[in-house]
Amino acid sequence: MDAIRIRGGRRLAGNIQVSGAKNAALPILCATLLADGPSLLRNTPALRDIDTTAALLRFLGCEVMVDKETHEVRVPTTKLTRAEAPYELVKQMRASVLVLGPLLARNGRAKVSLPGGCAIGARPIDQHLKGLEAMGATIKLERGYVIADGPTSPGGSGGGRLRGAEIAFDLPTVTGTENLMMAAALAKGRTTMWNCAREPEVEELGRVLNKMGARVEGAGTDVIKIEGVEQLAPFDHAIIADRIEGGTYMIAGAAVDGSDVRVDGIILEDLEALVLKMRQAGVQIERDGPGVRVRREGPLKPVNVTTAPHPGFPTDMQAQFMVLMTRARGESVMTETIFENRFMHVPELQRMGAHIEIHGRSAVVHGQDKLEGASVMATDLRASASLVIAGLFAEGETEVRRVYHLDRGYEKMEQRLSAVGADCERVKGAEG
Ligand code: EPU
């Protein structure tokens with residue numbers, strides 16, 4: 001298993017280009033199932049999660065060509081030979097559940113493995129299932145699989161077209177909102193969904209569905225209205241920039257003393273909560289041509305953060321922000337409200353000498369001048385990124401092991417950081 005080895009303390013200077021958004025690309029790839037190809041996704045990040053989704057679409061019978069150089073994914077045909085997402089693929093990536101809505105809408109039936117728990121928490125999909133039931137689907141859970149059938153026509157069998165419905169989510173869920181948007185796009189009649197997730201990636205899916213001929217209004221707000229249509233057309237779309245990848249590099253620039261980086265391609269409006277907190281901590285952030293320039297002159301000030309659904313502070317930035325706060329002069333509190341087990345970076349940061357205590361859903365960070373390099377390991381994507389940032393300013397050498405987590409969501413992170421002056425490299429086949 002690969003590792004990333006970092007020798008800390010090198011200032012970062014220069015431009016870092018962000019990739020297309022992983023969490024926008026995944027539902028958009030699944031949306032190709034709603035029409036008969038050929039669709040083209042541009043600015044798709046070259047990531048393991050994209051490969052997993054491509055493998056899933058191929059398993060269903062689609063043709064998928066992933067070009068990592070041009071960042072294009074072509075889906076020439078979406079003829080379905082199966083309507084099943086098997087455990088082997090879903091266990092690699094929970095977002096595989098995003099095929100449930102499109103398969104049911106297009107095919108009238110779907111069988112998708114339950115994703116089960118994962119490192120960051122239990123992560124149920126009850127809201128996805130309740131929404132599909134409201135649209136007339138029959139849902140059965142059998143041997144770890146969700147088996148969904150379209151409504152039964154009078155005197156006929158199941159497998160019919162979904163019906164528009166009124167759906168109120170008990171809590172905002174990103175993939176839940178996306179799954180139901182895709183299902184509703186081909187349903188008969190109007191669907192209104194309340195308490196929807198407002199993430200930019202949901203808005204982006206709405207844009208793509210509308211390009212396909214869907215009638216979606218309000219994506220990116222908490223109420224989404226969809227007038228179902230009978231057929232959708234394939235699309236050509238360039239994916240928006242990855243705000244979480246961009247935010248991660250912004251924090252890297254702020255964390256290492258004397259750095260001056262410009263993160264290019266980022267949409268600053270999508271990161272308002274992060275920008276506000278970073279500015280409160282004393283980081284200078286300003287627009288600069290195609291990017292955002294990040295610098296810090298004085299010491300960091302402690303700032304408390306509570307994660308919340310968008311436009312609140314993203315849970316996907318909590319680990320990275322915590323690392324920044326290990327350098328602040330004073331005490332700060334990070335409270336995680338979205339996932340119950342998202343402090344897995346804490347014991348690893350402690351190995352690097354950080355003073356952090358966990359009290360339930362909050363972590364109290366006692367800032368200090370320095371961390372010390374160590375051999376660390378993360379068990380989720382954003383935690384891994386936070387450990388790389390810690391390694392950039394820690395004294396001595398840090399080895400972040402099991403970087404396959406990192407590779408799920410950051411394209412060539414070590415190369416992008418080296419290009420702006422970091423002393424880091426990938427060590428192939430390092431000890432897990
Ligand atoms: N939830 C339920 N029932 C459901 C669905 C969700 O109780 O049916 C709960 C979850 O357990 C969680 C909360 O609702 O407590 C929010 O979860 P959500 O469904 O919004 O998360 P998700 O859609 O599974 C997406 C991103 C995650 C990101 C979260 C929160 C994708 C593919 N994944 O997950 O991204 O952390 O939203 O913003 O879009 C990552 O990229 O590292 C990552 C984990």
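At-a-glance table
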{"quantity": "Of residues in segment 65-99 being in a strand (DSSP E or B), within 21 Å of the chain's Cα centre (by Cα) and within 26 Å of residue 173 (Cβ to Cβ), the one farthest from the ligand (Cβ to nearest atom)", "calculated": "73"}
{"quantity": "Single match in 366, 345 (criterion: surrounded by fewer than 23 Cβ atoms within 10 Å (Cβ to Cβ), touching a residue at least 24 places away in the same chain (Cβ under 8 Å) and closer than 21 Å to residue 329 by Cα)", "calculated": "366"}
{"quantity": "Enumerated helices (runs of 4 or more DSSP H) restricted to segment 327-432, each holding at least 2 residues that are within 17 Å of residue 248 (Cβ to Cβ), of a type in the set (Gly, Ala, Ser) and out of contact with any Pro (no Cβ under 9 Å at 6 or more places or on another chain)", "calculated": "381-393, 413-419"}
{"quantity": "Only listed residue being closer than 30 Å to residue 394 by Cβ, crowded, with 17+ Cβ neighbours inside 10 Å and not charged (D, E, K, R), chosen from 8, 14, 37, 20", "calculated": "8"}
{"quantity": "Yes/no for residue 233 being of a type in the set (Gly, Ala, Ser), crowded, with 23+ Cβ neighbours inside 10 Å and out of contact with any Ser or Thr (no Cβ under 7 Å at 6 or more places or on another chain)", "calculated": "no"}
{"quantity": "Subset of segment 111-145 (residues that are within 16 Å of the ligand (Cβ to nearest atom) and within 22 Å of residue 231 (Cα to Cα))", "calculated": "131, 132, 133, 134, 135, 137"}
{"quantity": "Filtered residues of segment 316-337 (kept if within 16 Å of the ligand (Cβ to nearest atom) and surrounded by 19 or more Cβ atoms within 10 Å (Cβ to Cβ))", "calculated": "316, 317, 318, 319, 320, 321, 322, 323, 334, 336"}
{"quantity": "Residue in segment 414-423 that is at pLDDT 95 or above, within 16 Å of the ligand (Cβ to nearest atom) and buried (at least 24 other Cβ atoms within 10 Å of the Cβ) present", "calculated": "no"}
{"quantity": "Residues being in contact with a Ser or Thr (Cβ under 9 Å, 6 or more places away or on another chain), more than 26 Å from residue 163 (Cβ to Cβ) and not hydroxyl-bearing (Ser, Thr, Tyr) - total across segment 69-94", "calculated": "14"}
{"quantity": "Matching residues, segment 369-411, being polar (S, T, N, Q) and surrounded by fewer than 22 Cβ atoms within 10 Å (Cβ to Cβ)", "calculated": "375, 379"}
{"quantity": "Single condition residue 159 does not satisfy, out of (1) within 21 Å of residue 271 (Cα to Cα); (2) at pLDDT below 95", "calculated": "(1)"}
{"quantity": "Residue tally, condition among the hydroxyl-bearing types (Ser, Thr, Tyr) and either in contact with a His (Cβ under 7 Å, 6 or more places away or on another chain) or outside any helix (DSSP H, G or I) (or both), over segment 310-326", "calculated": "1"}
{"quantity": "Residue count, segment 20-54 (criterion: more than 13 Å from the ligand (Cβ to nearest atom) and either touching a residue at least 40 places away in the same chain (Cβ under 8 Å) or out of contact with any strand residue (DSSP E or B) (no Cβ under 6 Å at 6 or more places or on another chain) (or both))", "calculated": "17"}
{"quantity": "Filter result for the condition that a residue is at pLDDT 95 or above, outside any loop (DSSP other than H, G, I, E, B) and in contact with a Phe, Trp or Tyr (Cβ under 6 Å, 6 or more places away or on another chain), over 50, 28, 16", "calculated": "16"}
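Residues are listed down the side, and each one gets a yes or a no for (1) touching a residue at least 40 places away in the same chain (Cβ under 8 Å); (2) of a type in the set (Gly, Ala, Ser); (3) closer than 27 Å to residue 378 by Cα:
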| residue | (1), (2), (3) |
| --- | --- |
| 56 | yes, no, yes |
| 60 | yes, no, no |
| 72 | no, no, no |
| 88 | no, no, yes |
| 104 | yes, no, no |
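Table: residues versus (1) surrounded by fewer than 24 Cβ atoms within 10 Å (Cβ to Cβ); (2) in contact (Cβ under 8 Å) with a residue 40 or more places away in the chain; (3) within 23 Å of the chain's Cα centre (by Cα).
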residue	(1), (2), (3)
238	yes, yes, yes
241	yes, yes, yes
249	no, yes, yes
261	no, yes, no
267	yes, yes, yes
273	yes, yes, yes
311	yes, yes, yes
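The values are calculated or read from the model by the stated rules, or taken from the named source; none is laboratory data. Remember, it's a predicted structure, so these values are computed and weren't measured experimentally. FYI the Cβ positions are ideal-geometry reconstructions off the backbone, even for glycines, and counts take in every protein chain you see.
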